[in-house]
Amino acid sequence: MHLVYPAVLAVLLFSVGVYGVLARRNVVLVLMSVELMLNAVNLNLVAFDVWLRDTLHAGQALTLFTITIAAAEIGLGLAIVLLVYRTRRTAAVDGVTALGDRHEADELSDGEKERAAA
């Protein structure tokens, strides 16, 4: 097997993932783009493991760890997205700028209101 074919496919997958992370506004699509990037890395690990004919199959073992970490990341990421959507009613990356409570950040004290009006 030539190493060029899976390497080019991995570069294309990684490039699409980077574009998705940089260009998308929806948090779920950003998480999917991160998964594409991780899958490109997994493809490279397995391809180089086969190409080097490693007897320990270290690339495949590391790929299993990467898949496990990716599954945990998606689980936690989706839980955070659902929690943010329940409180803010948006899943846009731009809409989630402050980590504090929205109601506390929106309310100004009397002194701050007077300074803002002046």
Amide H contacts under 5 Å for residue 26, restricted to residues at least 5 apart in sequence or on another chain and with H modeled in the peptide plane, are 93
Carbon-plus-sulfur fraction of the accessible area of region 1-78, 1.4 Å probe, in percent? 76 percent
Fully extended, how many nm does the chain gain between residue 12 and residue 73 (0.36 nm per residue separation, minus their Cα-Cα distance)? 19.7 nm
Please give the length that would be gained between residue 5 and residue 82 if that part of the chain were fully extended, namely 0.36 nm times their separation in residues minus their C-alpha to C-alpha distance (nm, one decimal). 23.9 nm
Assign one of three labels to region 2-78, namely rounded, prolate or oblate, based on the Cα gyration tensor with a ≥ b ≥ c the square roots of its eigenvalues; rounded applies when a/c is under 1.5, prolate when it is not and a/b is larger than b/c, and oblate otherwise. oblate
DSSP-assigned coil residues among trypsin sites (Lys or Arg not before Pro) in region 6-57, each with at most 10 further Cβ atoms within 10 Å: 53
Given the Cα-Cα distance of residue 66 and residue 51 and 0.36 nm per residue of separation, how much length would full extension add, in nm? 3.4 nm
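The values are calculated or read from the model by the stated rules, or taken from the named source; none is laboratory data. It should be emphasised that the depicted structure is a prediction, and the values quoted were computed from it without experimental measurement. No Cβ is skipped: glycine too gets one built from the backbone with ideal geometry, and neighbour counts run over all protein chains shown. Only protein heavy atoms, including side chains, enter the accessible area calculation; ligands, DNA and RNA are left aside. Shrake-Rupley method; radii C 1.70, N 1.55, O 1.52, S 1.80 Å.
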